[in-house]
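Since the structure comes first, as structure tokens, the remarks are kept for the end.
The values are calculated or read from the model by the stated rules, or taken from the named source; none is laboratory data. All of these numbers come straight from a predicted model, not from anything done at the bench. Every residue, glycine as well, gets a Cβ built from its backbone with ideal geometry; the counts of neighbours run over all protein chains shown. Surface accessibility is based on the protein's heavy atoms, side chains included, excluding ligands, DNA and RNA. Shrake-Rupley method; radii C 1.70, N 1.55, O 1.52, S 1.80 Å.
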Amino acid sequence: MAATTRPRRSVLYMPGSNPRALDKARTLAADGLILDLEDAVAPDAKDDARRQVVEALKAGGYGGRELLVRVNGLATPWGQSDIVAAAKSGADAILIPKVESADMVRQVEAAMVAAGAPAEMAIWCMIETPRGVLRSAEIADSSPRLAGFVMGTSDLAKDLHCAHTRDRQPMLTSLGLCLLAARASGLAALDGVHLDLDDDEGFEFSCRQGQELGFDGKTLIHPKTIATANRVFAPSEKEIEWSKAIIAAHTEAVAAGKGVVVVGGRLIELLHVENARRLVDLAARIARLESDLKDTAS
């Protein structure tokens, strides 16, 4: 279940224990939602949250957004019931917290299959511990259902005993290792959250850094950050125009029997064209998603 160019610029955590938030999510411009049964839900609210998330998903109205349910771990009292409920909920994927081995993924997959999860239902993994980072390559190859990684940078910083600096220098090694593992296995990768909601400049810097590193998008904790993430992680008009230009020039060159072409003083090879096609496809998918969400809201 290799990653596609599906828009994942902004993926917002929504607490499963808050019915108003689950309803509000239908009106937000996020590309995806993580309906959370884990960290955002107190132990005595777990059962109600599970029921409310399933009811919200069954009710629909989320348009073309990608919908992930973050379950509790299988070792907890709620994990098995979460997976059984999520398996037939209509969500696109189950998100497993604190993944540290391929076996953890395969155990969840087995529980999903036993619960009747459809073949197209994906698995995503939270990578948020040192062991998870060090085993990210093993985890990335654990299952054909695996679609992507979500970086849990808050938990990771806690375990690393590192500072949450603006440039995230203490976490760059971990971020890079997980990106390498994800891309080597054809998976998507989402950057971790930015915790200071009053730091707009710092949030944009974090988004730009994540985009430059190669992440597909940013996980978010508040709706007010959606617009910035959507803007930063989307191809710019300049990038789209340039991509279309080199695609056209390379097509003409190939028709003339040439393998390379110079555009604007730059040597263009097939690898540049492949990335250009990815960006053009992503831009088209973003436009379709945004149109779908407008139709859903109207």
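The figures follow:
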read-out: Neighbours by Cβ (under 9 Å, 6+ apart or cross-chain): first from segment 277-295, in contact (Cβ under 8 Å) with a residue 60 or more places away in the chain; second among the β-branched types (V, I, T); value: R278/T5; D281/T4; D281/T5; L282/T5; R285/T4; R285/T5; L293/T27
read-out: Residue within segment 127-141 that is without any contact (Cβ under 8 Å) to a residue 12 or more places away in the chain, under 22 Å from G214 (Cα atoms) and surrounded by fewer than 23 Cβ atoms within 10 Å (Cβ to Cβ) present; value: no
read-out: Segment 78-93, residues that are polar (S, T, N, Q) and in a helix (DSSP H, G or I); value: Q80, S81
read-out: Flag if I96 is among the β-branched types (V, I, T), open to solvent by less than 30 Å² (accessible area, probe 1.4 Å) and under 14 Å from R50 (Cα atoms); value: no
read-out: Some residue of segment 42-54 being open to solvent by less than 10 Å² (accessible area, probe 1.4 Å) and not in a helix (DSSP H, G or I); value: no
read-out: Residue check, A189 open to solvent by less than 30 Å² (accessible area, probe 1.4 Å) and assigned to a helix (DSSP H, G or I); value: no
read-out: Residue match in segment 39-58 (condition: touching a residue at least 60 places away in the same chain (Cβ under 8 Å) and basic (K, R)); value: no
read-out: Count of segment 217-274 residues which are open to solvent by 20 Å² or more (accessible area, probe 1.4 Å), without any contact (Cβ under 8 Å) to a residue 24 or more places away in the chain and outside any helix (DSSP H, G or I); value: 14
read-out: Test: residue in segment 12-32 that is open to solvent by 20 Å² or more (accessible area, probe 1.4 Å), part of a loop (DSSP other than H, G, I, E, B) and under 24 Å from S142 (Cβ atoms); value: no
read-out: Count of residues meeting criterion [out of contact with any helix residue (DSSP H, G or I) (no Cβ under 6 Å at 6 or more places or on another chain) and open to solvent by 30 Å² or more (accessible area, probe 1.4 Å)] in segment 142-162; value: 6
read-out: Cβ pairs under 7 Å, 6+ apart, first in segment 99-119 and within 17 Å of V54 (Cα to Cα), second surrounded by fewer than 21 Cβ atoms within 10 Å (Cβ to Cβ) and of a type in the set (F, W, Y); value: none
read-out: Matching residues, segment 158-185, being touching a strand residue (DSSP E or B) at 6+ places or on another chain (Cβ under 7 Å) and more than 14 Å from E128 (Cβ to Cβ); value: L179, A182
